[in-house]
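The values are calculated or read from the model by the stated rules, or taken from the named source; none is laboratory data. Just so it is clear, the model here is predicted, and its values are computed rather than measured. Here Cβ is always computed from backbone atoms with ideal geometry, including for glycine, and neighbour counts include all displayed protein chains. Heads up: the accessible areas ignore ligands, DNA and RNA and are worked out on the full protein's heavy atoms, side chains in. Shrake-Rupley method; radii C 1.70, N 1.55, O 1.52, S 1.80 Å.
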Amino acid sequence: MNRPIRRTLAALALLAAAVPATAQVTEVYHPPAEAVATAHPLATEAGLEVLAAGGNAFDAAVAVTAALGVVEPYGSGLGGGGFFLLHREGDKLDLLVDARETAPGAATGDMYLDRNGEPIARLSREGPLAAGIPGTAAALQHLSETFGERALADNLAPAIRLADEGFPVNAELSARITAMAHRFSPAAQAVFMPGGEVPASGETLVQKDLAGTLRAMAEDGAEAFYEGAVAEKLQRGVFSDGGIWSLGDLALYRVKERAPARIDYRGYRITTAPLPSAGGVTLEQIFKILEARDWPPSDDTAARHELIEAMRFAYRDRAVYLGDADFVDVPVARITSDDYIADIAGRIGTRATPSESMEVASMQEARAKGRQTTHFSILDRWGNRVSATLSINTWFGSGYMPPGTGVLLNNEMDDFATAPLVPNAYGLVHTEANSIAPHKRPLSSMSPTFVDGPRGVFITGTPGGSRIITMVLLSTLAHMNGLPAELAVTAPRFHHQFLPDVVQFESGALTEPQREKLRERGHKLEEVTRDFGNMQAIHWDLRRGFVDAASDPRGFGRAVVREVPVEAGAGAVGFVELGGASSDAARLASLL
Ligand code: GLY
């Protein structure tokens, strides 16, 4: 896509959907096609294979999750966790399966501080002390058993094959191994650098130990991972290399089913991750601020400025208030109340609000960054959906692999406030609400999302650390403004997270005159040339009756839409009273 078009799309993503709030959800029938969008073609194939064998979206999610852990080992895997947002069409159930890692039972608030109380950042990012108790293995069993149609073993089969027989390394994996090799434990080195060499693109990578672990799970379920022989190897490795896991921590791990966060915005219903993801609260605050300001104003720079300010204020509250609500009181009702939002909306002026003038101004700054983590979206022929964001945190997580397991462990402990007001790997700062406590879940940004409304169903999400929430916001606005899935994932991005006090923008997102106008309003800008997300999205257009899917061109993934036979009673009638077209339609059209 050429630069001017990309810029135009960025401008389009700024404009709110002014869709009347009259759309009513009625009975939704089956889509005319199924779709799988993931960050790796082989994971997409695994999902399609399971759908073709009669599995539903939840079975396919198990296959995709397990396969991604094999072929994209730097982003997710059995050693990590994540959030699975589910929609079961039969009974309209929306549910979040929270498979976020937990702090080990022996974890303490000062475990990453030196004797002077200063943080030792490396400890929360490298090696077994950085790893939380993984949740992905438990989620695989839970999804298969509770929501799937097929046995766990059948859903794991593609991943076992990929690990056992190997798969061709792509340029991305080869480059990531090269960059992170210095952090690998001996077992990880043996797997990812067979013979001591980084595999070149096209070479086959075999992971026998991981195949063994997956096979043990296929035979004995998640119990094999949390209580069986695998658990013993995991715990023994971690403990002997300086970590603090106990067998009890593994045996205690459970996924949690949670009611998703719901946001209503101008006729659209946004369903996304609740705490311990910051996504739900932060998106709700931003959308409410936009609504309170009757966004967008007619001037494009003002529209962009107000959106950036809404991000700034919401990320300030993320830092101050958010944490695992099972452990701390989070004043969600207060900070999303109309009065509170009106106050923020009223404080947004024509100039940038310096973050240092806001509460918690003494927080240290660090750069936001990241494309780590992974996301996939699935729609099956019955209208079931999965939007899942999974992680081992930074590239290759902790770099630590307990010998004999093939399981690379996360470094998700770094998502806690390892020390108050000290930035984590994404430059995010936190306070007491996100402090470390035994069995607590660290605050996340992962925001798997459904958008339901006049344009039908949009399934979206992305990796990208602290930028996940604003990327989901921009793609949702783009969808609301009529962009097809491909353009919603392609449109250039920008981001503000309170601290550091800078607008990060992707190359192509802002023209030089647009940058200048933002600078005139007091914004500091920083161009980011790479690693700005890897979105996987599906759009089921109910009015026109088609399904569209897109994999982010920033990554190496694949989105496939496959037509399915129309069954009796199937159709595409999902919404009535669509109201008129967006009043911004003419403005949008003039910008194209
Ligand atoms: N580890 C990144 C996140 O959960 O936001």
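Observations, loosely collected:
- Among the residues of this structure, V451 counts as one that is away from the ligand (no atom under 16 Å from the Cβ) and in a strand (DSSP E or B).
- When region 386-414 is limited to residues that are within 22 Å of G461 (Cα to Cα) and in a loop (DSSP other than H, G, I, E, B), the one that is nearest to the ligand (Cβ to nearest atom) turns out to be N393.
- Residue within region 551-565 that is surrounded by fewer than 20 Cβ atoms within 10 Å (Cβ to Cβ), within 19 Å of L307 (Cβ to Cβ) and in contact (Cβ under 8 Å) with a residue 12 or more places away in the chain present: no
- Every residue from region 514-536 that is free of Cβ contacts under 8 Å to residues at least 12 places away in the same chain and touching a helix residue (DSSP H, G or I) at 6+ places or on another chain (Cβ under 9 Å): E520
- Residues of region 485-512 that are of a type in the set (G, A, S) and part of a loop (DSSP other than H, G, I, E, B): A491, S507, G508, A509.
- Residue identified as part of a helix (DSSP H, G or I) and crowded, with 24+ Cβ neighbours inside 10 Å among A63, A37: A63
- Residue identified as modelled with pLDDT of 95 or more, open to solvent by less than 40 Å² (accessible area, probe 1.4 Å), more than 16 Å from V255 (Cβ to Cβ) and not hydroxyl-bearing (S, T, Y) among E72, E149: E72
- Single residue of A437, A419, A425 found to be within 15 Å of the ligand (Cβ to nearest atom), closer than 30 Å to V238 by Cβ and surrounded by fewer than 24 Cβ atoms within 10 Å (Cβ to Cβ): A425
- Helices (runs of 4 or more DSSP H) wholly inside region 148-214 containing at least 3 residues that are in contact with a His (Cβ under 7 Å, 6 or more places away or on another chain) and farther than 15 Å from A67 by Cα: none
- Residue within region 474-495 that is within 16 Å of the ligand (Cβ to nearest atom), over 20 Å from R558 (Cβ atoms), at pLDDT 95 or above and out of contact with any strand residue (DSSP E or B) (no Cβ under 9 Å at 6 or more places or on another chain) present: no
- Screening region 244-342 for helices (runs of 4 or more DSSP H) wholly inside it with 3 or more residues that are surrounded by fewer than 20 Cβ atoms within 10 Å (Cβ to Cβ) returns the ranges 247-252, 300-321, 332-335.
- Looking only at region 511-532, and only at residues there that are closer than 26 Å to A425 by Cβ and modelled with pLDDT of 95 or more, the one that is most open to solvent (accessible area, probe 1.4 Å): K524
- Residue-level check: of (1) of a type in the set (D, E); (2) in a strand (DSSP E or B); (3) within 16 Å of the ligand (Cβ to nearest atom), D531 misses just (2).
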